[in-house]
Amino acid sequence: QVQFVESGGGLVQPGGSLRLSCAASGLVFSIYAMGWYRQAPGKQREVVASITSGGTTNYADSVKGRFTISRDNAKKTVYLQMNSLKPDDTAVYYCNTFPGVGAYWGHGTQVTVSS
């Protein structure tokens, strides 16, 4: 059974930083491209960043230069370093394979950027 467990969210002031983690189980993690996604209230879920099995990364324009996705295949974990956070980054953040598989969505982790 594939499972992704996200952690590391919280409340942070504008300009602050957070590091999200996503622990994977139930799949051969190293061969999958992985993605971080987010869903803000009243909006559709969107892709934030992705990383291939070989380490090639891609970012949404809204986070380019501020967020960094990385992975540790030995730990079966994907990370999202978020710097210079803005109120518009407030959302529930999820990880999944890239592209995402419906059955694999976890509970996500809430990120709130507010003063």
Residue under evaluation Leu27, criteria (1) more than 10 Å from Arg71 (Cα to Cα); (2) assigned to a loop (DSSP other than H, G, I, E, B); (3) touching a strand residue (DSSP E or B) at 6+ places or on another chain (Cβ under 9 Å); (4) open to solvent by 50 Å² or more (accessible area, probe 1.4 Å), criterion not met: (4)
Which of the residues that make up the range 15-24 are touching a Ser or Thr at 6+ places or on another chain (Cβ under 7 Å), closer than 21 Å to Arg66 by Cα and either open to solvent by less than 20 Å² (accessible area, probe 1.4 Å) or part of a strand (DSSP E or B) (or both)? Leu20, Ser21, Cys22
(1) open to solvent by 40 Å² or more (accessible area, probe 1.4 Å); (2) closer than 20 Å to Gly8 by Cα; (3) free of Cβ contacts under 8 Å to residues at least 24 places away in the same chain; (4) over 11 Å from the mean Cα position of the chain (by Cα) all hold for Arg66 apart from (1)
Conditions (1) more than 11 Å from the chain's Cα centre (by Cα); (2) more than 15 Å from Leu20 (Cβ to Cβ): number failed by Val113: (2)
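The values are calculated or read from the model by the stated rules, or taken from the named source; none is laboratory data. What you are looking at is a predicted structure, and each value in this text was computed from that prediction instead of being measured. Counting neighbours? That spans all protein chains shown, and the Cβs are built from the backbone with ideal geometry, glycine included. Remember, those area values only see protein heavy atoms, side chains included, never the ligands or the DNA or RNA. Shrake-Rupley method; radii C 1.70, N 1.55, O 1.52, S 1.80 Å.
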